[in-house]
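Below: the structure, in structure tokens.
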Amino acid sequence: MATKLLRKVRAMTLYSRIAFLLLFTATTGAFVPHIVDSREPAEEIRVVAKNMTYYANGGGDANPAIQLTPGRLVRVTLRNEDRGMLHDFGIPAFGVGTGIIEYGKEASFTFRVPDRPAPASYTCTPHSAMMTGRILFTK
Ligand SMILES: [Cu+2]
């Protein structure tokens, strides 16, 4: 593959070589920022919905406060372990959420925490009275 490309480049005239080089540099440059973005590690938060309650990151606290870092890329995954119940996990203040999922299913969303976030809470849309908790921000 590479030698074939090299042979083609060698066969080019000087001007087409320059053109090829410019095009190659331009396209590579255009793609580099996207590669860097996608490699930024997102903080993983795992939430389970069970018995009309949220649990986070394997902890046993009911509807625990979830700590987020301003400016950080975060991926939230909800697993619904409530047989016969429909749940979602959303942060309305940021306009993000998993959408409603059935028992036994998982859903994720990735978002960037605002640099200067307003107070926020998380909630389940169909059960907002019972299934809700605070979002805290690292200083
Ligand atoms: Cu719910």
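Read-outs throughout are calculated quantities, based only on the coordinates presented, and are distinct from any laboratory measurement. Please read these numbers as outputs of a predicted model, since none were measured by experiment. Don't worry about glycine lacking a Cβ; one is built from the backbone with ideal geometry, like all the others, and counts go over all protein chains shown.
Spin-label model, M130/R75: points 7 Å from Cα along the beta carbon direction are separated by 3.1 nm. Put in order of Cβ neighbour count within 10 Å, fewest first, the listed residues I135, I91 become I135, I91. Modelled this way, with points 7 Å down the Cα-to-C-beta line, the labels at V96 and A62 are 2.8 nm from one another. A straight chain from T138 to M52 at 0.36 nm per residue would run longer than the Cα-Cα distance by 28.2 nm.
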